[in-house]
Amino acid sequence: MSDVLSQKEIDDLLKAFSSGEIDAEELKDTGEKQIKNYDFSRPSKFSKEHLRTLEIIFEHYGRILATHLPGYLRVNTQVEVVNSEAVIYSEFSNALSNPVLLGMIDFDPLDGNIIIELSNNIGYAIVDRMLGGAGLPLEKVREFTEIEKAILERVFTIITNLLQDPWENVVKLNPRFTRIETNSQFAQIISPNEMVALITMNLKIGSVEGMMNVCIPYTCVEPVIDKLNTKYWYSTMKDTDEESYKDFIEIAISRAQVPLKAILGRSVISVNDYINMAKGDIIKLDTKINDELKVYVGNIYKFNALAGESSDAYALKISTILREE
C-alpha cells in the first residue's frame, strides 16, 4: 500500500484537525512502549468481574439480612454493600484493632474458612437488644464477656445459615459457624501474603450504625472462580416460584394469633349508678339467655354463637358464619 496520501485524504485530515476531532499530540510517535507495573507480592487473582459478581451476591445477602434480623432483634435493620476490593490478607489483619469481633465460618464444601467482622458498636448493640435493652452501644470499648460471646454466637449462626441462598447460583454451600475470635492474632486462616476479596457492608440496627466486613480468601473460592462472573450468575438464576411464596405466606398467616371476643349484651346506666355500684348488683342487658351472641375476630363481626359451657369453662357454639366482610 502506498504511503502517499491522496488530495481527498489530505483535505479530510485537515478538516479533522480544524474541527478538533484529531489531536496532533496523539499522532506523535515517541517510540516509547507503555509499561504497566506488576506487583508480584499482590498478584491480580480477583478481576473486576469477580469483585462485581461478589457485590451482586452480597447485595442479595444484605436484603436477606434486612428481612430476617428484625425478627430476632425486634428492631429495624438496614444493610448496604459499600465496597469490594482485592487486598492481601496482612492488610486486612493489620487494620483490625483489639478487641475485635470476628466470626470464623467453615465454607463447606469449599476448602478453608471465611471471616465476618462486625464492628464493636454493632456487637454491643446486638447484645443489648437480645437482653431486652434499647440496642445502644457502650460508651467505652471493652472486652466481650463469655456471656456476651454466647449471645453473639447465636446471631453469627443465624447470619451464617443465611449465606446459602445468595451463593446457590455459584455453589451449593453448607456453611458452618465455628467460633468467635476477639483477638486478630488468632485469626490467621491463611498466609499473610495470600490474596483475599474484602466485601464491606454498612449495617444499621435501629439507630446504631457500623461496618460489616466479609473476608474471602482466593484459595477458598478458587475451585469456583470461573463461576464468579455476572454472565454465569444470571444465566443460572432460578425463576421465582410464586407458588412456593404463596404457600409460605399462607402458612405464616395461618399461624398468626388474632383476638376473638363475644359480646354478651349491652346496657346503659347513669354515672350515679356506676359510682354507687357494689358487689352483688345486677345489670340488665339488652339480650336474652337464648339469644345468639355476636362474635368478633379482631374488630370484624364474623360469627353468631350460642353461649354455654364446656368442662367447667365458658364456651361458645358457632351457629352462623358471616362470609361478607
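The values are calculated or read from the model by the stated rules, or taken from the named source; none is laboratory data. Please read these numbers as outputs of a predicted model, since none were measured by experiment. Using ideal geometry, Cβ is built from the backbone for each residue, glycine included, and neighbour counts are taken over all protein chains shown.
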statement: If you go through ASN94, ASN183, the only one that is in contact (Cβ under 8 Å) with a residue 12 or more places away in the chain and among the polar types (S, T, N, Q) is ASN183
message: Restricting to the range 127-155, give me the number of residues that are over 17 Å from MET104 (Cβ atoms), part of a helix (DSSP H, G or I) and in contact (Cβ under 8 Å) with a residue 60 or more places away in the chain.
response: 1
message: Checking the structure you have, find out if any residue of the range 186-198 is among the small types (Gly, Ala, Ser), in a helix (DSSP H, G or I) and more than 16 Å from ALA66 (Cα to Cα).
response: no
message: For the range 98-112, give me each residue that is at pLDDT below 90 and among the small types (Gly, Ala, Ser).
response: GLY112
field: The listed residue being within 14 Å of ILE114 (Cβ to Cβ), polar (S, T, N, Q), surrounded by 21 or more Cβ atoms within 10 Å (Cβ to Cβ) and out of contact with any helix residue (DSSP H, G or I) (no Cβ under 8 Å at 6 or more places or on another chain), out of THR178, THR219, THR160
entry: THR160
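Here's the yes/no breakdown for (1) within 30 Å of LEU51 (Cα to Cα); (2) at pLDDT 85 or above:
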site: ASP241; (1), (2): yes, no
site: PHE248; (1), (2): no, no
site: VAL268; (1), (2): no, yes
site: ASN272; (1), (2): no, yes
site: ILE321; (1), (2): no, yes
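So which residues in the range 156-193 are small (Gly, Ala, Ser) and within 11 Å of MET104 (Cβ to Cβ), if there are any at all?
Initial filter on the range 156-193 (small (Gly, Ala, Ser)): 184, 187, 191.
The one that is small (Gly, Ala, Ser) and within 11 Å of MET104 (Cβ to Cβ): ALA187.
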- prompt: All but one of (1) modelled with pLDDT under 75; (2) touching a Phe, Trp or Tyr at 6+ places or on another chain (Cβ under 7 Å) hold for LYS15; which doesn't?
  reply: (2)
- prompt: Counting just the residues of the range 65-93 that are touching a helix residue (DSSP H, G or I) at 6+ places or on another chain (Cβ under 6 Å) and assigned to a helix (DSSP H, G or I), which one comes out surrounded by the most Cβ atoms within 10 Å (Cβ to Cβ)?
  reply: SER93
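Residues are listed down the side, and each one gets a yes or a no for (1) of a type in the set (Lys, Arg); (2) at pLDDT 90 or above; (3) more than 23 Å from ALA95 (Cα to Cα); (4) more than 22 Å from the chain's Cα centre (by Cα):
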{"residue": "LEU138", "(1), (2), (3), (4)": "no, no, no, yes"}
{"residue": "PHE144", "(1), (2), (3), (4)": "no, no, no, yes"}
{"residue": "ALA150", "(1), (2), (3), (4)": "no, yes, yes, no"}
{"residue": "GLU168", "(1), (2), (3), (4)": "no, no, yes, no"}
{"residue": "LEU173", "(1), (2), (3), (4)": "no, no, yes, no"}
{"residue": "PHE186", "(1), (2), (3), (4)": "no, no, no, yes"}
- line: Out of (1) assigned to a helix (DSSP H, G or I); (2) at pLDDT 90 or above; (3) surrounded by fewer than 20 Cβ atoms within 10 Å (Cβ to Cβ), the one GLY62 does not meet is (3)
- request: Sort out which residues of the range 93-142 are of a type in the set (A, V, I, L, M, F, W, C) and closer than 22 Å to VAL170 by Cβ, and write them in order of number.
  value: MET104, ILE105, PHE107, LEU110, ILE114, ILE115, ILE116
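Give the range 82-125 a look and list any residue that's acidic (Asp, Glu) and over 24 Å from the mean Cα position of the chain (by Cα), or say none.
GLU91, ASP111
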message: For the range 273-298, give me the residue count where each residue is aromatic (Phe, Trp, Tyr) and over 30 Å from GLN257 (Cα atoms).
response: 1
